[in-house]
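The values are calculated or read from the model by the stated rules, or taken from the named source; none is laboratory data. Please read all numbers here as calculations on a predicted model, not as lab measurements. Every residue, glycine as well, gets a Cβ built from its backbone with ideal geometry; the counts of neighbours run over all protein chains shown. Ligands, DNA and RNA are excluded from the accessible area calculation, which covers all protein heavy atoms including side chains. Shrake-Rupley method; radii C 1.70, N 1.55, O 1.52, S 1.80 Å.
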Protein chains: 4
Amino acid sequence: MASVSDTLPHKRERRKQDRPGELLEAALDLFVEKGFAATRVEEVALRAGVSKGTLFLYFPNKEDLFKAVVRENVVHPVNQGAAELAQFQGKTGELLEWMMLQWWRRYGATKASGISKLIMSEASNFPDLATFFREEVIKPADAMVRSVLQRGIDQGEFRPVNVDLALHSVMAPLLFLVMWKHSMGPCCPTSEQIDPEAFISQHAQLLVRGLSNS
Amino acid sequence: MASVSDTLPHKRERRKQDRPGELLEAALDLFVEKGFAATRVEEVALRAGVSKGTLFLYFPNKEDLFKAVVRENVVHPVNQGAAELAQFQGKTGELLEWMMLQWWRRYGATKASGISKLIMSEASNFPDLATFFREEVIKPADAMVRSVLQRGIDQGEFRPVNVDLALHSVMAPLLFLVMWKHSMGPCCPTSEQIDPEAFISQHAQLLVRGLSNS
Amino acid sequence: MASVSDTLPHKRERRKQDRPGELLEAALDLFVEKGFAATRVEEVALRAGVSKGTLFLYFPNKEDLFKAVVRENVVHPVNQGAAELAQFQGKTGELLEWMMLQWWRRYGATKASGISKLIMSEASNFPDLATFFREEVIKPADAMVRSVLQRGIDQGEFRPVNVDLALHSVMAPLLFLVMWKHSMGPCCPTSEQIDPEAFISQHAQLLVRGLSNS
Amino acid sequence: MASVSDTLPHKRERRKQDRPGELLEAALDLFVEKGFAATRVEEVALRAGVSKGTLFLYFPNKEDLFKAVVRENVVHPVNQGAAELAQFQGKTGELLEWMMLQWWRRYGATKASGISKLIMSEASNFPDLATFFREEVIKPADAMVRSVLQRGIDQGEFRPVNVDLALHSVMAPLLFLVMWKHSMGPCCPTSEQIDPEAFISQHAQLLVRGLSNS
DNA sequence: CATGAATGAGTGTTCATTCAT
DNA sequence: CATGAATGAACACTCATTCAT
């Protein structure tokens, strides 16, 4: 006899199963907002609606909670855009600017980018996370950018610059914006804020002009 | 025969004069290595070869110790660079590349650049430090870059781009290198290391070409 | 057979409920014995049979612990006394003497009166505590005395003296006894001890006679 | 050959001889103002114009400095007034009020009274000081007051009250004023200040009326 | 004698972690 | 499983006291 709880678990049970997920979610918010050291485990537990002791039932200590948060929330911002990118018809210069703006809108501007800032900040204390991040995020992203630049060169639109270096000319401003957004940004008066899209546009255009073969 | 004390100050005195410098050096090391919050003042003192109490004889509190470290290792270099910059004769394009390379050689490549990474990492937890850094370091540096770009525009060498945005096209790659150096870098195999000067050179040239009026 | 846990709460729970009271009692002892500044919170905790951290579970800081001690041991008794006072029927002269004796028996003669001595001793170093004490203890007590004196005047029993000054003719001897008890008293040979109730009685009678309209 | 320094010592030498005195003076001010615990020996030394180390040349530790300050500065407020008192012709009631006012003007209102407050405050930590103070100050003062009261009784002006108790009716308000002046007083708004002479006058008159034989 | 640099034991307070219930 | 009371090791900062010069 199939009881209700087989298909639609009671609230209690559903929550129980979700405990780790809810804790990870709460921890993500707080770690991103405050960093590792300044986040108190009790606050994480409270935000997840459980007691402090319960958190330690699921994660043996704060460090492991942190690592789980990072591993769980690292987003692969490449996968989504790669397909669209491949279909793009038109000048590579326009593609480059479009790609950078898309990266910002879909990733840099979202909460998810907080995890990148977090990793950059804490990498030296958690080397394994840094390695993990490099493999999962940086390498694919670099490859994508590299392919776009190579496309421009192959099509004769760009000069044959050193692609391995040029890709950082593309990524650095984006990462800079992410870092800024999560560090100095909140401390700055509005008059000193940076308009991300305006900056990306102008930077992309400078880059394309700098790369162009004319 | 002149005694030692005629030419060299007494041990006590000599040490006394050296104390602030020794403490600042130890503090720089530890702040860069562990961040502001995770650095314990006692460890700074011990590394400088004195007791905890002695540190507070020279710096009233941890925050002021940090500010002194910043002044010694970041503010001074930037100011020195600015002075040399003013004497530069020649094309602004060359000046820009030279400035970026100098920034790297004199600051980015040194231990002191860890301070910038630290600020980026912990600004949100220590708003006072962030404000201090913005006023003492970022604003002067931005003004310097802005003046170079404006020089190029005024001399007709650069197009009249938005200087407030372009300035980040100059700084972002430098800060990216610093972040990289102090976070992901140490975890990367040598094959994936970035050659900072080669990157800066190429980026500067892309930028100059992108800015140029021809 | 009903188990113990049916009638008595579990050891943990019982202790938990008792904690604040035990801490307040230990704190009263030590504050009175050593003063505010010289009392270490850890010693309070230890005397209450808990660790230092536990104290901060119940009181956010040393100052609030002290305020709680004052509320428990000074404010409450004063308020209770005031209530009984209101019900008093009879001559104001008798009321005055009765009030002074009650004040002594219920407060002055107890450990709690050490708080008044402590405040007199340390007020200048802890202005916040002084203000707190003035608002919570002195003002209500003064108001009570003032109302009694006014009652005597209104009923024609007392001459219309300056009530704001006369109030100190009532309080000063009481505070003098408290100061004496907690400072010089313990150092005096028994032959020189003051008999508090005899003194209060005679002083009250002198006062009433001095105030009386006959 | 009598050199100048025999009669008028050089500033240097004079100061050297006065060192202990200057230290005691500086210490008096600070102990009275802040109490024993809150007074820092360095501040005492600075105010006396010497270095911290020098203070320990003259006083082996803080406690002994404190005791020296007290012993040195305890004033015998009786001696001066006793002679005048003996010559007083007229009603004892007037004598009593005059004596109380004089005590206040010549002692209570001066800095010297700070030492009484200090002793009352710290007596429990320095029992030997309390004993010393009792012998040197309290006993003579009590004797004087007692003699005045006895004079009133002997002359038939006062009723035969218990003189050993009544003397506290005289002293308590005076000591209360001293304590108030050095503790709560400075923390109170001007509207709540006590006018010492007005209070003493009214209290003395209440007392005299209470004592009088009519 | 005098200095003041140096010390280190202590203070209030925080917080990750444990464990009896 | 879940709780939350309890712990104790840190940490920044203070200050009486010492001692080489």
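For the reader, a short list of remarks on this structure follows.
- The numbered conditions (1) outside any loop (DSSP other than H, G, I, E, B); (2) open to solvent by 10 Å² or more (accessible area, probe 1.4 Å); (3) within 20 Å of C:Val208 (Cα to Cα) are all true for D:Glu197 except (3).
- Restricting the stretch C:51-71 to residues that are within 10 Å of DNA strand F (Cβ to nearest atom) and open to solvent by less than 50 Å² (accessible area, probe 1.4 Å), the residue that is nearest to C:Val178 (Cα to Cα): C:Leu55
- Output for the stretch D:59-103, where each listed residue is within 16 Å of DNA strand E (Cβ to nearest atom) and among the aromatic types (Phe, Trp, Tyr): D:Phe59
- B:Val74 fulfils the conditions (1) more than 8 Å from DNA strand F (Cβ to nearest atom); (2) assigned by TED's automatic domain parsing to the domain that holds B:Arg19 except for a single criterion, (2).
- Scanning the stretch D:39-50 for residues that are more than 8 Å from DNA strand F (Cβ to nearest atom) and surrounded by fewer than 17 Cβ atoms within 10 Å (Cβ to Cβ) gives D:Leu46, D:Arg47, D:Gly49.
- Residue in the stretch D:104-120 that is farthest from the other protein chains (Cβ to nearest Cβ), counting only those that are closer than 20 Å to D:Ala86 by Cα and either aromatic (Phe, Trp, Tyr) or outside any helix (DSSP H, G or I) (or both): D:Tyr107
- Residue ID - nearest to the other protein chains (Cβ to nearest Cβ), chosen from residues in the stretch D:183-196 that are of a type in the set (Ser, Thr, Tyr) and free of Cβ contacts under 8 Å to residues at least 60 places away in the same chain: D:Ser191
- Filter result for D:Phe199 (over 23 Å from C:Val170 (Cα atoms) and touching a residue at least 24 places away in the same chain (Cβ under 8 Å)): no
- For the stretch C:121-141, residues that are facing chain D (nearest Cβ under 7 Å) and touching a residue at least 24 places away in the same chain (Cβ under 8 Å) total 3.
- Verdict on D:Gly21 being open to solvent by less than 50 Å² (accessible area, probe 1.4 Å), assigned to a helix (DSSP H, G or I) and more than 15 Å from DNA strand F (Cβ to nearest atom): yes
- Taking the listed residues A:Leu177, A:Leu207, the one that is at pLDDT 95 or above and either basic (Lys, Arg) or over 21 Å from the mean Cα position of the chain (by Cα) (or both) is A:Leu207, with no other qualifying.
- In this structure, B:Leu207 does satisfy being within 9 Å of chain A (Cβ to nearest Cβ), touching an Asp or Glu at 6+ places or on another chain (Cβ under 9 Å) and over 24 Å from B:Leu30 (Cβ atoms).
- A count restricted to the stretch B:102-120 and to residues that are touching a residue at least 40 places away in the same chain (Cβ under 8 Å) and hydroxyl-bearing (Ser, Thr, Tyr) stands at 2.
Results for (1) of a type in the set (A, V, I, L, M, F, W, C); (2) in contact with a helix residue (DSSP H, G or I) (Cβ under 8 Å, 6 or more places away or on another chain); (3) at pLDDT below 95, shown as yes or no for each residue.
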{"position": "A:Phe126", "(1), (2), (3)": "yes, yes, yes"}
{"position": "A:Phe132", "(1), (2), (3)": "yes, yes, yes"}
{"position": "A:Arg146", "(1), (2), (3)": "no, yes, yes"}
{"position": "A:Ser169", "(1), (2), (3)": "no, yes, no"}
{"position": "A:Ala172", "(1), (2), (3)": "yes, yes, no"}
{"position": "A:His182", "(1), (2), (3)": "no, yes, yes"}
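- Top-ranked residue in the stretch C:151-182 [being among the aromatic types (Phe, Trp, Tyr) and more than 7 Å from every other protein chain (Cβ to nearest Cβ); ranked as least open to solvent (accessible area, probe 1.4 Å)]: C:Phe158
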